[in-house]
Amino acid sequence: MTLPYHQYYTLLQAYLWPQWRRLLWLGALLLAGIGLQLLPPQLMGRFLDLATTGGSLTTLTWLAAWVIGAVLVQQICTVLAAYLGEDVAWRATNGLRDQLMAHCLHLDLTFHHAHTPGEMIERIDSDVTMLANFFSQFVVLILGNVLLLVGVLALLFQVDWRIGLVGLALTIVLLLTLARLRNLGIPSAVAH
């Protein structure tokens, strides 16, 4: 069953809009974590350049401290984003569970005779839990990695436009390959 996009939007709006503040924090943490992932390689490049050209020990020590600090803050941002993503997903899907349970309780007795209590628990709890896991993993992992990829490509273009073009071409080839491989797994996932 496929739904029109406006129904997806309505569904997401109903369960995510009450959490808009958490979503803003989640977005800020994701962006900060990605920025901090891109910073240490830049600092390490500067460190190596200074080390090979005879830079002062004080400057090298400060650069090393900045790298370590950036990595630590990036890890904190990543953990907080994962926590917040899980929290948002669980809060949203708990609302969905409530609505599904209320709907099932108002169905007639023929439905309840046709479906066992275990089947209803499986549908209301386990399926919605899978949905919660999808939401939290999608936001933190997929969206975060897409933004990281864009940042890496931007840095490659900053270094040299030819390197950036090669990186962009490799990214396009990789995405097309992944799209084709995804189509191989869909029949077994649907059967499951």
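LEU24 meets all of the listed conditions (1) within 17 Å of GLY151 (Cβ to Cβ); (2) surrounded by fewer than 13 Cβ atoms within 10 Å (Cβ to Cβ); (3) within 17 Å of the chain's Cα centre (by Cα) but one, namely (1). Between residues in region 68-81 that are closer than 13 Å to LEU38 by Cα and residues that are open to solvent by 60 Å² or more (accessible area, probe 1.4 Å) and assigned to a helix (DSSP H, G or I), which pairs lie under 6 Å by C-beta distance while being six or more apart or on different chains? Every condition considered, the pairs that remain are ALA70/LEU39; GLN74/GLN37. If the condition is being in contact (Cβ under 8 Å) with a residue 12 or more places away in the chain and either within 22 Å of ARG21 (Cβ to Cβ) or open to solvent by 60 Å² or more (accessible area, probe 1.4 Å) (or both), then region 101-120 contributes only MET101. Among residues that are at pLDDT 90 or above, open to solvent by 50 Å² or more (accessible area, probe 1.4 Å) and within 26 Å of the chain's Cα centre (by Cα), LEU72 is included. A single member of LEU156, LEU170, LEU174, LEU149 is modelled with pLDDT of 90 or more and under 17 Å from the mean Cα position of the chain (by Cα), and it is LEU149. Screening ARG97, ARG123 for residues that are among the basic types (Lys, Arg), assigned to a helix (DSSP H, G or I) and either farther than 30 Å from ALA28 by Cα or open to solvent by 70 Å² or more (accessible area, probe 1.4 Å) (or both) leaves exactly one candidate, ARG123. Residues that are of a type outside the set (A, V, I, L, M) and open to solvent by less than 30 Å² (accessible area, probe 1.4 Å) were ranked within region 75-94; the one that is nearest to the chain's Cα centre (by Cα) is GLY85.
The values are calculated or read from the model by the stated rules, or taken from the named source; none is laboratory data. For clarity, every value in this text was computed on a predicted model and none was experimentally measured. With ideal geometry, Cβ positions are generated from the backbone for all residues, glycine too; neighbour counts draw on all protein chains shown. Note: areas computed on protein heavy atoms with side chains; ligands, DNA, RNA excluded. Shrake-Rupley method; radii C 1.70, N 1.55, O 1.52, S 1.80 Å.
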